[in-house]
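A short reminder: the numbers here are calculations on the coordinates, not readings from a lab. In this text, all values refer to a predicted model and were calculated from it rather than measured experimentally. Positions of Cβ are generated from backbone atoms using ideal geometry, with glycine treated the same way; all protein chains shown enter the neighbour counts.
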Amino acid sequence: MLETREMLTDAETERCNQLTSGFLILAERELSAFIRAVDKLFGSEQARQSARDWIEELGRMDWPSGESIPDWRRATVAASARLGALLSGSGHRDTLNLRPVLVSDLFHSKPHRNVSEEVRSMNAIASMPIDAEAKNAHTSARLFFLNLSGGRVLSANPDGSDLKTIIDEGRKLPDGLVLDVAAGHIYWTNMGDPKRNDGSIMRSDLNGKNMITIVPSGGTFTPKQLQLEKRSGKLYWSDREGMRVMRANLDGSEIETLVDTSLGDSRPGSDPTKWCVGIAVDTDGGKFYWTQKGGHHAGLGRIFRASIQVPKGQSAESRRDIELLYDNLPEPIDLDLDPVHRTLYWTDRGDPPRGNTVNRAPMDAEGEHRNEPEILFSHLMEGIGLALDLKGGRMFITDLGGSVYSANLDGSNRRTLLFAEGNLTGIAYAEVPFADATPQVIGVPEETKR
């Protein structure tokens, strides 16, 4: 009887925790939508004051009992009224815009329904001003890339100007990064010590703030390139000395191994032909691609693909759907895809003339019909990172020699954007939102650090 009672208590506690978490998420969305609208119309200083007003009004609310969801709209309406009174008294010229933007049907109060109905309704309503804001927002193209030796995340314009350090984490050997612009996040891998099981995955806001650990030290051995599959809400990465391809939810939960190349070897693996390095995900095609680099001067690099879901009745060690696409490569590293033209791009840090290059080849050609990969870009100094701007028809590359390059997708119009910036690894390209004509990427300008 006591054991049953304890189980019921645990279940009630978990249920309360889930409800509380859901309430807080909805409150955060409501406040975020309100503050974005105020900031757009009246500036950041007024937005900060209105945030304080919103929280103060929240404290004055009568809170419902049981599972009823607090009516966050009431705090928004009250804070909007205070802002309207303030601006009316000051004769502000945009006062007339306040009601349709802030107290429109998006913010009206409604009678409470059961929890599931209310959650769905509030999620839909709360997302409307955020999505509308995002669609109308001005954006700025930015590069984000990693300094391996310095443990830093840097950002610059696509021409190399406005170089900034946005995160200075110390020597944890960051290698792969990916952006979720819609959510305002950067994710990156830290390799740690390749001989120890201490790799991790981190997340921060686009401006480097609110850094947290997603996959804790030891959750993966030596994580390398990282990709985001937004539709399923998954992060994919290759684990080099771990000899596997892995994925997890965006919060780091549900870590799973999709491919295990160890063949029973202990970790850390010492056979470079089993080291998984690059990763790319073809969502519509239902496949993921990865590189196994092989050793230096060996010409044993390979590129594989497999289905996103492990076939029923099979495992990461025994799955039979793995396809070898390209082999005898110098040393393939990072991958990227052009899914429209079904083309695979990758960097190779092996020996010239085929190594220290950017290459491309068809994603789907059958073995007997595969041509040699096309070399697009050569003379890299240990080429690592690769990011495609498909809309702009260009690519961006990093190397361990410390340079950032750009070129058209066919390799023409080659440019060196930055050089001597340390040992550079992963790179990502994104169009990030503007606020008041300033990209929302902040940090320390590099020239002030030297």
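Take every Cα pair under 8 Å whose residues are at least 6 apart in sequence, average their separation, divide by the length of segment 139-448, and the relative contact order is 16 percent. An oblate overall shape is assigned to segment 138-235, the ratio a/c of its alpha-carbon gyration tensor axes (a ≥ b ≥ c) being 1.5 or greater and a/b not exceeding b/c. All distinct Cα pairs of segment 169-318 go into the 1/r average, and the inverse of that average, the Kirkwood radius, is 15.5 Å.
Treating segment 276-410 as a set of equal point scatterers at the Cα positions, no solvent, please give the Debye-formula log₁₀ I(q)/I(0) at q = 0.15, 0.17, 0.20 Å⁻¹. Once normalised to I(0) and log-transformed, intensities are -0.70, -0.88, -1.18. Here LEU86 and ALA182 are evaluated by their C-beta separation; at R0 = 41 Å the FRET efficiency comes out at 0.80. Between LYS287 and ASP282, ILE308, the built amide H atoms are under 5 Å apart, and every one of these is 5 or more places off in sequence or on another chain.
Oblate is the label for segment 258-345, because the ratio a/c of its alpha-carbon gyration tensor axes (a ≥ b ≥ c) is 1.5 or higher and a/b is not greater than b/c. Taking segment 236-279 and a reference point 7 angstrom along Cα→Cβ of GLU317, the backbone N atoms nearer than 16 Å belong to 242-245, 257-269.
Which FRET efficiency, nearest 0.05, do GLU372 and GLU45 yield, Cβ-Cβ r, R0 60 Å? That pair, GLU372 with GLU45, gives E of 0.50. Highest-first packing order for the peptide set 42-52, 278-288 is 278-288, 42-52, based on the mean count of other beta carbon atoms within 10 Å.
Sorted largest first, the principal axis extents computed over the alpha-carbon atoms of segment 139-448 equal 54, 41, 35 Å. For the residue pairs LYS172/LYS391; LYS209/LYS312; LYS230/LYS274; LYS274/LYS312, alpha carbon separations beyond 31 Å are given by LYS172/LYS391; LYS209/LYS312. Binning the C-alpha pair distances of segment 364-403 at 5 Å intervals from 0 yields a P(r) profile of 6, 17, 19, 18, 19, 15, 6, 2 %, listed from the shortest bin outward.
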